[in-house]
Amino acid sequence: MPRVKHVPEGFDLAQALAGINIDRGQAIGPQIYAALRHRIVDGRLPGGTPIHENDIASHCLVSRTPLRSALQQLGNEGLIVTRPQVGSVVAPPDSSRLEEALFVRSAIEQQVVRRLATTGLDEAALASVMERQATAAEIDDYASFFDADEEFHALLARMADVPNAWQLVHSIKAHVDRERFLLLSTTPGRSRQAYGDHLRILDAIRSADGERAAHEMARHVESVLDA
């Protein structure tokens, strides 16, 4: 018996997937993974949304092979789950994964800023992303700030010469990102608060105060629990 598509009320898959543009000159799987992950994080693909390969492949104009690889990676991150008689669906938020991811992310990012307090910052590399954050924070544009925030933390890891540490964080923090995006989008002024956190972290690094930088980073990362 074929599985029934239990679609959340009011959900439109075409609308949720709108704007996905695939660069055929680059690997397709990672692009589909990034696009779907972003839409799960920002709620365009809410928990309970059925995942049907044919439908997604058709809307995104891709074959099922790279799509299947992307879906497998999302499943490994706990963003897609398989349910009996239902099939694969977008997973609901998971508090246990949230707490674990916060633990790991906080530990790694504290070490990143401790190292930077010793080795220093690449100010030229920081300038663009900090300008984007300032612009988004000024108008409380949470979607733009979220993307710039991601780039900021990835950049710190690259400057500390531990880019794979950020990749490890990224692979486990999807459930944190869902809560962060919800927090940013529903709390007025939250973008400005996060931007202020970043400025304090950078000030501590520039002052060569590794412990203060680590404290500010821990407070910043764990602020999602304030919600």
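Every read-out reported here was derived from the displayed coordinates using simple, explicitly stated rules and does not represent laboratory data. As the structure is a computational prediction, the values presented were derived from the model and not from experiment. Glycine gets a Cβ as well: all are built from the backbone with ideal geometry, and neighbour counts include every protein chain shown.
Axis of helix 123-138 versus longest Cα principal axis of the chain: the two differ by about 70°, to the nearest ten degrees. Counting only alpha carbon atoms, the long axis of helix 163-172 and the longest principal axis of the chain meet at about 50°.
Using Cβ point charges alone (K and R +1, D and E -1), the dipole size of the stretch 13-90 about the Cα centre works out to roughly 60 debye.
How many angstrom separate the Cα center of the stretch 89-108 from the Cα center of the stretch 36-59? That distance is 20 Å.
If only the Cβ of Lys and Arg carry +1 and only the Cβ of Asp and Glu carry -1, the dipole of the chain around its Cα centre is close to 740 debye.
Expressed in units of 2.2 N^0.38 Å, where N is the residue count, the Cα radius of gyration of the chain is 1.08. The overall shape of the stretch 95-226 is oblate: from the C-alpha gyration tensor, with semi-axes ordered a ≥ b ≥ c, the ratio a/c is 1.5 or greater and a/b is no larger than b/c. For the peptides 107-118, 67-78, 173-184, the ranking by mean Cβ contacts within 10 Å, running from highest to lowest, is 173-184, 107-118, 67-78.
Computed from Cα positions, the angle between helix 95-119 and the longest principal axis of the chain comes to roughly 40 degrees.
Taking amide hydrogens as placed 1.01 Å from N in the peptide plane, the amide H of Ile80 sits under 5 Å from those of Gly75, Ala91, each at least 5 positions away in sequence or on another chain. Computed from backbone phi with θ = phi - 60° and the Karplus coefficients 6.51, -1.76 and 1.60, the 3J(HN,Hα) list for the stretch 15-25 is 5, 5, 9, 4, x, 7, 10, 8, 7, 5, x Hz; x is used for glycine and proline. Secondary-structure-derived ellipticity at 222 nm for the chain, considering helices only, amounts to -21500 deg cm²/dmol, per-run term -39500 (n - 2.57) for DSSP H runs with n ≥ 4.
Using a cutoff of 8 angstrom between alpha carbon atoms and counting only pairs six or more residues apart, the relative contact order for the stretch 13-90 works out to 35 percent.
Here the alpha carbons of the stretch 13-90 define both size measures, Rg and Dmax, at 11.6, 38 Å. By the count of other C-beta atoms within 10 Å, a proxy for reagent exposure, Thr49, Thr187, Thr65 are ordered fewest to most as Thr65, Thr187, Thr49. Given a cut-off of under 8 Å on Cα pairs at least six residues apart, what relative contact order in percent is computed for the stretch 77-227? Result for the stretch 77-227 is 36 percent.
Here the Karplus curve 6.51 cos²θ - 1.76 cosθ + 1.60, taken at θ = phi - 60°, turns the phi angles of the stretch 151-162 into couplings of 5, 4, 5, 5, 5, 4, 5, 5, 5, 7, 6, 9 Hz, with x standing for Gly and Pro. By the count of neighbouring beta-carbon atoms within 10 Å, fewest first, His170, His153 end up ordered His170, His153.
Considering all C-alpha pairs of the stretch 157-213, those separated by over 15 Å amount to 66%.
Largest GNM mean-square fluctuation across Ile40, Ile20, Ile80, computed for the chain with C-alpha springs under 10 Å, falls on Ile20.
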